[in-house]
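These notes are about the structure you will find just below.
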Amino acid sequence: MPEYSILIPSKDRHDLLTACLESILDYVAGDDYEVILIETGGIATLSIEQEALVRDITLPGGTFAQAVNAGARTATGHALVLLNDDCLLGNNILESFDKAGSDTSIVGARLLYPDGLVQHAGIGFDIDGGPYNL
């Protein structure tokens with residue numbers, strides 16, 4: 001059983017999906033993960049390496065939430081990684097999630113634009129428990 005199930009909802013942006021899958025091949029080490037691609041639009045043409053990497057679910061016309069739920073139902077990993085098809089993973093990203101600790105229920109990644117500018121740095125919680133963007 002893999003430690004991580006990486007769920008990637010995708011709809012008709014095969015260029016983004018290809019880059020996303022290549023980043024997984026390049027930066028995620030080991031075999032302690034599975035990749036579940038949930039396609040809600042047209043079917044993507046993947047390379048042989050990418051096809052070997054993913055388990056493909058077709059959900060024509062499905063919403064993002066439906067796609068995530070469909071992927072989660074088939075996932076076998078201990079932890080779910082929700083990954084948009086326009087994201088590229090960096091080096092040892094799953095190891096960074098491990099460092100958050102086993103008592104953590106949710107971990108968010110810092111998102112960077114291609115030029116290095118921060119797009120999203122996470123969510124904090126105020127003294128009353130309300131969320132805010134960092």
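Results, tabulated for the structure shown:
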| quantity | calculated |
| --- | --- |
| The listed residue being modelled with pLDDT of 85 or more and of a type in the set (Phe, Trp, Tyr), out of Tyr27, Tyr33 | Tyr33 |
| Within segment 112-134, considering residues that are touching a residue at least 12 places away in the same chain (Cβ under 8 Å) and open to solvent by 70 Å² or more (accessible area, probe 1.4 Å), the one farthest from Asn91 (Cα to Cα) | Asn133 |
| Only one of Asp86, Asp56 that is charged (D, E, K, R), modelled with pLDDT of 85 or more and either part of a strand (DSSP E or B) or at positive phi (or both) | Asp56 |
| Selection status of Gly61, of a type outside the set (Asp, Glu), in contact with a Lys or Arg (Cβ under 7 Å, 6 or more places away or on another chain), modelled with pLDDT under 95 and more than 22 Å from Asn92 (Cβ to Cβ) | no |
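Residues are listed down the side, and each one gets a yes or a no for (1) polar (S, T, N, Q); (2) crowded, with 17+ Cβ neighbours inside 10 Å; (3) within 13 Å of the chain's Cα centre (by Cα):
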{"position": "Pro2", "(1), (2), (3)": "no, no, no"}
{"position": "Leu7", "(1), (2), (3)": "no, yes, yes"}
{"position": "Asp12", "(1), (2), (3)": "no, no, no"}
{"position": "Leu21", "(1), (2), (3)": "no, yes, yes"}
{"position": "Val28", "(1), (2), (3)": "no, yes, yes"}
{"position": "Glu34", "(1), (2), (3)": "no, yes, yes"}
{"position": "Asp56", "(1), (2), (3)": "no, no, no"}
{"position": "Leu59", "(1), (2), (3)": "no, yes, no"}
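The values are calculated or read from the model by the stated rules, or taken from the named source; none is laboratory data. Everything numeric here is computed off the predicted structure, so don't read it as measured data. Note that each Cβ is placed from the backbone with ideal geometry, even for glycine, and that neighbours are counted across all protein chains shown. Heavy atoms of the whole protein, side chains included, go into the accessibility calculation; ligands, DNA and RNA do not. Shrake-Rupley method; radii C 1.70, N 1.55, O 1.52, S 1.80 Å.
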